[in-house]
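Derivation of every value follows stated rules applied to the coordinates shown; laboratory data play no part. Everything quoted here is computed from the prediction, not taken from an experiment. Positions of Cβ are backbone-derived with ideal geometry, glycine not excepted, and every protein chain shown enters the neighbour counts.
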Amino acid sequence: MRFIDPHIHVSARTTDDYEAMAAAGVVAVIEPAFWLGQPRTSVGTFRDYFSSLVGFERFRAAQFGIRHYCTIGLNSKEANNVPLAEQVMEILPLYLAKEGVVAVGEIGYDEMSDAEERFLKLQLELAKDVGLPVMIHTPHRNKKQGTTRSMDVVVDHGIPPHMVVIDHNNEETVKEVLDRGFWAAFTIYPKTKMGNERMVEVVRKFGSERIIVDSSADWGVSDPLAVPKTGRLMLERGIAEADVVATCYRNAILAYGQSGQFNESDWLTPAPIDQRTLFEGNTVLRGQSPRVDEQTADAGVIR
Ligand SMILES: [Zn+2]
């Protein structure tokens, strides 16, 4: 079975993680631009970060057989540094036009401050201008209120709900998100919040339409294998295979494919892995022998 992890901060993960993900069936990932654990102090660090999401990290993932896509946006925490946020807004259009950028995100509320609201609205307008889907991060505190308010703002800006993924849902928010026509994503954190077991019950109760499973794995305690593990647990617990495919693979394509940048053919007929390839003169290897897959006559790949 193939899996997509449509929300994972792989820049913060290791090559062992990439190998384990590929072995578990993950074929593609979406890495949303986000906060790095401490505030950035100049627009140049945003520029370099965005460049790495569309550049080196894309290359690095490919070296392990995983297609890497990203979303570009100003996260809610750093929206509170208004002078810096204004400078970041100026460089966003440049990066939103790059290959492999599938949405504006992750944007939304953290503390629900006025500054967060201002930059959320500006970025929703930007998404409309460039015609990209939106990935909304909902706050971890005041979850219910923040989720409702995020959707209200999207609707106020005239963006159709089918263009917007509301992420970090739980049992309290999912019904409203689905009823209003949005995509409802769930982040599976180990030992907290939405565990795998709870996710199985959500799919049992609400079905698979417009529901998406992701790991949001980053530099904190998280699990880059959360999507394949949850998918396998669903099967074990009697969820139909079609629902597992929808929530752990297909729905991400339907949602982010609206960008025109996220196509199944990218990973179904992959270029063979060749770890001799360099990115601006750099390799992922440190003296190991490179993995070099052969292309077969029918464009399949021998591993
Ligand atoms: Zn995230």
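The table for this structure:
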item	result
Of K128/K229; K121/K229; K143/K229; K121/K175; K77/K205, those spanning more than 29 Å from alpha-carbon to alpha-carbon	K128/K229; K121/K229; K77/K205
Rg/Rg_ref, the stretch 5-145, where Rg_ref = 2.2 N^0.38 Å and atoms are Cα	1.04
Å³ per residue enclosed by the Cα convex hull of the stretch 64-137	94 Å³
Protection proxy ranking, peptides 66-78, 270-282, average beta carbon neighbours within 10 Å, highest first	66-78, 270-282
Alpha-carbon spread of the stretch 141-235, three principal axes, descending order, Å	37, 29, 20
Helix-only [θ]222 nm of the chain, DSSP H runs n ≥ 4, -39500 (n - 2.57) each, per residue, nearest 500	-11500 deg cm²/dmol
Viscosity 0.890 mPa s, temperature 25 °C, Stokes-Einstein D of the stretch 175-303 from Kirkwood C-alpha radius, µm²/s	143 µm²/s
Equivalent ellipsoid semi-axes, the chain, via Cα gyration tensor eigenvalues times 5, rooted, Å	29, 25, 17
Per-peptide average of other Cβ atoms within 10 Å, ordering 253-259, 169-175 highest first	253-259, 169-175
Spatial separation of Cα centroids for the stretch 1-62 and the stretch 204-224, in angstrom	16 Å
Per-bin percent of Cα-Cα distances, the stretch 180-230 [10 Å]	26, 55, 18, 1
Listed peptides 50-57, 119-126, 6-13 by packing density, highest first (mean Cβ within 10 Å)	6-13, 119-126, 50-57
